[in-house]
Amino acid sequence: MVLENAYWFLFHDDDLLVKEAEGISHILATSDIEQLGIVPINAQCIGFFHEKECFVAHVDSTTLPEGFSWKKVRPLYGNIQEECFWFACRAFHIMNWMKTSKYCGCCGTQMNVSTQELAMKCSNCDHIAYPRISPAIIVAVIKDNQILLARSNRFPPNRYSVIAGFVEPGESLEDCVQREIKEEVGIEVHSINYFGNQPWPFPDSLMIAFTAECSTEEITIDNQEIVDAGWFSAHNLPDIPDKLSVARQLIDWFVEKQTLNHT
Ligand SMILES: [Zn+2]
């Protein structure tokens with residue numbers, strides 16, 4: 001299946017095939033994959049971008065001519081048009097879901113891509129699997145003029161960020177904020193307010209961001225996920241996440257608020 005004038009998000013493992021021109025990465029058009037002689041496997045339509053149909057598909061690894069390369073999705077941020085980046089995130093999420101939904105969870109039969117909706121359907125028992133989206137909260141806890149930042153054992157050396165964690169079954173988002181903070185740093189928070197949200201397809205999260213306030217100073221870290229945590233003022237921040245993440249937007253919000261308070 002090769003459609004004229006479509007965009008193609010072609011993955012081999014976690015690598016996306018892009019075209020390079022003038023130092024910028026671009027998503028492949030149908031003419032590019034015809035030029036490369038690539039055969040997309042299990043192509044799935046994922047919507048329209050600039051009025052062109054978009055497909056995600058797996059491809060076999062291949063040697064590429066000059067001007068084409070394999071790229072990880074996340075580092076593409078800043079090196080590709082921003083709209084394209086977020087569409088590539090959607091494609092990456094769906095590609096990973098398709099990879100882990102090959103077999104029916106009810107009867108074990110191979111699943112097929114649905115032609116009617118974004119789903120995989122079992123040809124034996126008609127079970128339908130939709131893309132998995134895992135909601136997670138992320139929260140900036142403020143006390144006086146300081147923000148709570150913590151270091152996870154998964155972070156690069158010296159990196160600190162705001163607290164985050166997955167929502168559990170039966171839990172409201174606010175319950176989740178309270179539980180995660182209590183579990184990870186042993187404090188109670190109040191005045192929980194919605195801040196914003198961000199799809200985070202590494203591999204399938206939707207980050208829902210909050211701000212909260214706290215009147216307790218003493219922190220007790222869990223020593224499992226969190227290896228260090230502390231209160232930081234706006235002019236004394238450690239190494240923090242890059243501009244892409246909603247974590248950074250929360251920290252930037254705190255810094256801006258402090259600057260406004262002191263002018
Ligand atoms: Zn089945």
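Taken together, the values in this text are just the output of simple stated rules run on the coordinates, not laboratory data. The structure presented is a predicted model; accordingly, all values stated were derived computationally and were not measured. As a convention, Cβ positions derive from the backbone with ideal geometry for all residues, glycine included, and neighbour counts pool all protein chains shown.
Each of Ser134, Ser161 was scored by other Cβ atoms within 10 Å of its Cβ. Listed from fewest to most, they are Ser134, Ser161.
Placing R0 at 30 angstrom, the Cβ-Cβ distance between His235 and Ser215 gives a FRET efficiency of 0.85 after rounding to 0.05. In the chain, the DSSP-assigned H stretches of four residues or longer account for a calculated mean residue ellipticity at 222 nm of -6500 deg cm²/dmol, using -39500 (n - 2.57) per stretch and the full residue count as denominator. Sorted ascending by nearby beta carbons within 10 Å, beginning with the fewest, Thr216, Thr115, Thr63 become Thr63, Thr115, Thr216.
For region 86-147, the spread of Cα coordinates along the three principal axes comes to 60, 26, 18 Å, biggest extent given first.
Its Cα gyration tensor gives region 1-80 an equivalent ellipsoid, and the semi-axes of that ellipsoid, as √(5λ) in whole Å with the largest first, are 18, 15, 13.
Distance between the 7 Å Cα→Cβ label points at Asn158 and Ile24: 3.3 nm.
For region 1-74 versus region 183-227, the spacing of their alpha-carbon centroids is 37 Å.
Both radii come from the Cα set of the chain: Rg as radius of gyration, Rh as Kirkwood radius; their ratio Rg/Rh reads 1.04. Ordering 150-157, 248-255 by mean Cβ neighbour count within 10 Å, with the highest value first, yields 248-255, 150-157. As a proxy for reagent exposure, ranking Phe68, Phe92 by other Cβ atoms within 10 Å from fewest up yields Phe68, Phe92. The Cα atoms of region 149-235 cover 30, 29, 27 Å along the three principal axes, with the biggest extent listed first.
Beyond 21 Å between alpha-carbons counts as too far, so tell me which of Lys19/Lys72; Lys71/Lys102; Lys72/Lys99; Lys143/Lys257 fall in that bin. Over 21 Å Cα-Cα: Lys71/Lys102.
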